[in-house]
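Structure first, commentary second.
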Amino acid sequence: ESFLTGISEENPLVSVEYGSDLFISGKKKNSKSPAEPNWIELLGEGKDSLADYLTSQIPQSGLDPREVWVIKKLIEQLDPNGYLPPDLSGFADRLKLHEEELMEAIHTLQSFEPAGVGARSLQECLLLQLTEKDKDDFPLVDVLLNNAHFHDFAEKKWKHIVKSLPGATLTDIQKVFDFINTLNPRPCSCFSHEKAAYVVPDIIVEHN
């Protein structure tokens, strides 16, 4: 009892209550009911993962086996939002990839849906999505997303941009900002919205 009490004081996930029964982590002895979830079914329940979805888009022709292999390895490097690491030099060294080979694989991956997947930065993610948008009404969008102005644009230092761009107005920049807000900075986040996981205790102690 002393040991369990000490653990519960250190670990917020452990709860010890004394009475006719001992509870640990909210699980009571002999508390099963018809409504209690089946843990095996819950753990086995799922949907297509981001990796599965992207792998299904790999072209069935036009790529040799090595190119397919490199793309699959890149997919493994994506974070839950669909971003690649900014620096892939270590990845290329481990796989003994030439720079041209790596860039071709990245460009192929970036052509997949959802738009923006495979980006290595927020700036690149937005630019990838803009290729599928009608930008005719926003002539400044490409200018504001280039390396010279993106930082100031993102931090809303728009007066500084107006001074350096003849003919640009704050209204023009605001319109571009509103347009950019229609894009998704986390294009693959929908794949991480999984069913809530149930906590399964590692140890259950029953007091008889």
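The values are calculated or read from the model by the stated rules, or taken from the named source; none is laboratory data. Treat the numbers as computed from the prediction; the structure is a model and nothing was measured. Cβ: placed from backbone, ideal geometry, glycine included. Neighbour counts: every protein chain shown. The accessibility values were calculated without ligands, DNA or RNA, using every heavy atom of the protein model including side chains. Shrake-Rupley method; radii C 1.70, N 1.55, O 1.52, S 1.80 Å.
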Problem set entry | Residue among Asp172, Asp137 that is at pLDDT below 85 and out of contact with any Asp or Glu (no Cβ under 7 Å at 6 or more places or on another chain) | Asp137
Problem set entry | Failed criterion for Lys135 (all others in (1) in a helix (DSSP H, G or I); (2) more than 19 Å from the chain's Cα centre (by Cα); (3) charged (D, E, K, R) hold) | (1)
Problem set entry | Restricting region 163-177 to residues that are open to solvent by less than 70 Å² (accessible area, probe 1.4 Å) and assigned to a loop (DSSP other than H, G, I, E, B), the residue that is farthest from Asn146 (Cα to Cα) | Thr169
Exercise. Somewhere in region 149-162, is a residue touching a Leu at 6+ places or on another chain (Cβ under 9 Å), without any contact (Cβ under 8 Å) to a residue 60 or more places away in the chain, not hydroxyl-bearing (Ser, Thr, Tyr) and not in a helix (DSSP H, G or I)?
Worked result: yes
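Got a sec? Which of Leu74, Leu97, Leu63 is surrounded by 12 or more Cβ atoms within 10 Å (Cβ to Cβ), in a helix (DSSP H, G or I) and touching a residue at least 12 places away in the same chain (Cβ under 8 Å)?
On the way: Leu97 fails: in a helix (DSSP H, G or I); Leu63 fails: in a helix (DSSP H, G or I).
Result: Leu74 is the single residue among Leu74, Leu97, Leu63 that is surrounded by 12 or more Cβ atoms within 10 Å (Cβ to Cβ), in a helix (DSSP H, G or I) and touching a residue at least 12 places away in the same chain (Cβ under 8 Å).
If I filter region 126-158 down to residues being aromatic (Phe, Trp, Tyr) and farther than 18 Å from Pro185 by Cα, which single residue comes out as least open to solvent (accessible area, probe 1.4 Å)? Spell out how you get there, then give the answer.
We begin by selecting, within region 126-158, every residue aromatic (Phe, Trp, Tyr); these are 138, 150, 153, 158.
Imposing the further condition that a residue be farther than 18 Å from Pro185 by Cα reduces the set to 138, 158.
On the way: Phe138: 48, Trp158: 27 Å².
The residue in question is Trp158.
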Exercise. Taking only pairs six or more apart or across chains, which ones have beta-carbon atoms under 7 Å, a first residue in region 123-134 that is of a type in the set (S, T, N, Q), and a second residue that is open to solvent by less than 40 Å² (accessible area, probe 1.4 Å) and not in a helix (DSSP H, G or I)?
Worked result: Gln123/Leu145; Gln129/Ala115; Gln129/Gly116; Gln129/Leu183
